[in-house]
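So the structure is just underneath, and the comments pick up after that.
The values are calculated or read from the model by the stated rules, or taken from the named source; none is laboratory data. Because the structure is predicted, anything quoted here is derived from the model rather than measured. Every residue, glycine as well, gets a Cβ built from its backbone with ideal geometry; the counts of neighbours run over all protein chains shown.
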Amino acid sequence: MIGSGSSNTRDLAVERIVIVGGGTAGWMAAAALSRFLDNGRRQIHLVESDAIGTIGVGEATIPPILNFNRMLDINENDFLRETQGTIKLGIEFVNWGKQGDRYIHPFGFFGQELHGINFHQLWLREQGRSDPGYISDYCMSAVAAANGRFGRPSQTSRPPVSEMLYAFHFDASLYARYLRAQAERQRVRRHEGRIVQVHRDAESGDVSSVELESGQRIEGDLFIDCSGFRALLIGETLGVGYEDWSQWLPVDRAIPVPTTNIASPDPFTRCTAHTAGWQWRIPLQHRTGNGHVFCSAFMDDEEAERILMNNLEGEPFADRRVIRFTTGRRKQSWSHNVVALGLSSGFLEPLESTSIHLIQNGIQRLLALFPDRKISPLERDEYNRGMQDLYEDIRDFIVLHYKATQRDDTPFWRHVRDMSVPETLTRKLELWRLHGRVFREGAELFGLTSWVAVLLGQNIWPDNYDPIVDTLDEAKVAVALKDMRERYHQAAMALPSQEEFLRAAGAWAAADVRPQSAVAQ
């Protein structure tokens, strides 16, 4: 017996979940909730309108997406084929520190620790003593990405291939369609139509139902707001405020455009800095996703579009549109009986491909704190605290890319270089400048490798390395680094190209898929 009220547990159970909005956020929520909360009595409804477009600027992900797909028992090869997906081993940044600079923020780890000392500290000491090469030469994902190679690591993979982490590029609309099919097999009921009114309980203020143009009312105990920037439930109905972060992240517009592929897709995203923002390049099997994220205070829409069109590699197709946004987050992601996911919860520009992860984390956090109809303020506060921490951690890491620049060629870059940043980021930068130290706090999404990659990639060198490195023999360290570097290169060159891997695995959507082979295992 759990407690004196345990006999009422079933009476208090949330039996009706209503998801407002489809797209990536809505169907991710529907697929996950229907898989783990189906007790035979619970009903899950999703309301969306084909007449309302979705925002699909983000088609790149980070490695935690692997856990989400496994959680839903998704076959990876089927998923890649159905979403025209490709492998992502990291992000290449061009022109961020200085014009002409190029570095990769890889998934995985840099090198091997020696006696518990972080690898980058060993590499820093070697500067001036020898030529250790780029730090990315010591990361399996980075070396494979630079050579266009990929092999799926498994439990039987040996180092350094076993160290490789990866994520995906995919067509977000196809991903939503893929998840919709799974969710509907799991008894999620989709309702087509526009919501014209939201009804609230007069006593509690909770949302009680949503009303469609047809007059149909859909009642619920718990509502998931996936209505995009409109934030129909969390913002318009409940009045939860928005925390504006544009003083640190001033880019506020994006122009996406797909292009035809001109070559086999690279296994990495590319982010190229321009005069007042940056351009993304995301290669899929059937097309390449591109877009220009820029700051309207320093550039007008016409100039931004001209820069984008002049820097495309393939032929553009589809209509172009300008998406306006304000970077920030809802002050509460969960208010009353409404949980906001995706754009209704907040927006961080897609520089580090975190949009889908924020949806995923919100879903997993909701499952961990799933309420009964008598929602506990303590559990709701815990959810909000966790989401706030995650948003702020990602915010600081994205701000780092702008702050850590030496560019002074345009007013925009001078502005972000000289701007004040959050105290949490200032402290990290000061610790780094002393002895190259980075400390992961709590459940921060981006760890040591990520911070080191961006800081060194953008020429932010510490004044000194960690003095504990001097306890190690210089000659032995130099030999160890040389051996590591050679092993990473040899292992990468033994892998197939990404396209060869996908075709062999049956994950390529084209009709000429080759038979399964050993390389795909």
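The table below lists the values:
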read-out: So ALA167, is it in contact with a strand residue (DSSP E or B) (Cβ under 7 Å, 6 or more places away or on another chain) and under 30 Å from LEU37 (Cα atoms); value: yes
read-out: Residue in region 227-242 that is assigned to a strand (DSSP E or B) and at negative phi present; value: yes
read-out: Some residue of region 434-443 being within 29 Å of the chain's Cα centre (by Cα), part of a helix (DSSP H, G or I) and hydrophobic (A, V, I, L, M, F, W, C); value: no
read-out: Only listed residue being under 28 Å from the mean Cα position of the chain (by Cα), surrounded by fewer than 20 Cβ atoms within 10 Å (Cβ to Cβ) and free of Cβ contacts under 8 Å to residues at least 40 places away in the same chain, chosen from GLU184, GLU203; value: GLU184
read-out: Answer from ARG417, ARG433 - the residue that is touching a Pro at 6+ places or on another chain (Cβ under 9 Å), at pLDDT 95 or above and over 30 Å from GLN360 (Cβ atoms); value: ARG433
read-out: Subset of region 160-170 that is in a loop (DSSP other than H, G, I, E, B) and at pLDDT 95 or above - its residue that is surrounded by the most Cβ atoms within 10 Å (Cβ to Cβ); value: PHE170
read-out: Within region 335-425, helices (runs of 4 or more DSSP H) holding 3 or more residues that are among the hydrophobic types (A, V, I, L, M, F, W, C), in the same structural domain as THR237 (by TED's automatic domain parsing) and in contact (Cβ under 8 Å) with a residue 12 or more places away in the chain; value: 355-368
read-out: Given (1) crowded, with 17+ Cβ neighbours inside 10 Å; (2) modelled with pLDDT under 95; (3) small (Gly, Ala, Ser), index of the condition ALA475 fails; value: (1)
read-out: Candidate set from region 89-137 (those that are basic (Lys, Arg) and not assigned by TED's automatic domain parsing to the domain that holds GLY151); member that is nearest to ALA478 (Cα to Cα); value: ARG102
read-out: Residue, nearest to ALA145 (Cα to Cα), within region 252-272, restricted to residues that are over 18 Å from the mean Cα position of the chain (by Cα) and not in a strand (DSSP E or B); value: ASP266
read-out: Residue in region 132-152 that is free of Cβ contacts under 8 Å to residues at least 60 places away in the same chain and farther than 16 Å from PHE268 by Cβ present; value: no
read-out: Subset tally (residues that are in contact with a Cys (Cβ under 9 Å, 6 or more places away or on another chain), buried (at least 20 other Cβ atoms within 10 Å of the Cβ) and of a type outside the set (Phe, Trp, Tyr)) for region 396-415; value: 1
read-out: Filter result for the condition that a residue is assigned to a loop (DSSP other than H, G, I, E, B), of a type in the set (D, E, K, R), more than 30 Å from ASN69 (Cβ to Cβ) and not assigned by TED's automatic domain parsing to the domain that holds ALA30, over ARG320, ARG306; value: ARG320
read-out: First in region 34-57 and modelled with pLDDT under 85, second anywhere and of a type in the set (Ser, Thr, Tyr), Cβ under 8 Å, 6 or more apart; value: THR54/THR24; THR54/SER173; GLY56/THR24; GLY56/SER173
read-out: Among the candidates ARG189, ARG253, residue that is basic (Lys, Arg), surrounded by 17 or more Cβ atoms within 10 Å (Cβ to Cβ) and either over 29 Å from GLN388 (Cα atoms) or at pLDDT 95 or above (or both); value: ARG253
read-out: Filter result for VAL14 (touching a His at 6+ places or on another chain (Cβ under 9 Å), over 30 Å from TRP278 (Cβ atoms) and aliphatic (A, V, I, L, M)); value: no
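Listed here are the residues, each with its yes/no results for (1) hydroxyl-bearing (Ser, Thr, Tyr); (2) assigned to a loop (DSSP other than H, G, I, E, B); (3) more than 19 Å from THR61 (Cα to Cα).
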{"position": "PHE109", "(1), (2), (3)": "no, yes, no"}
{"position": "GLN112", "(1), (2), (3)": "no, yes, yes"}
{"position": "HIS120", "(1), (2), (3)": "no, no, yes"}
{"position": "LEU124", "(1), (2), (3)": "no, no, yes"}
{"position": "PRO132", "(1), (2), (3)": "no, yes, yes"}
{"position": "ALA145", "(1), (2), (3)": "no, no, no"}
{"position": "PRO153", "(1), (2), (3)": "no, yes, no"}
{"position": "ARG158", "(1), (2), (3)": "no, yes, yes"}
{"position": "LEU174", "(1), (2), (3)": "no, no, no"}
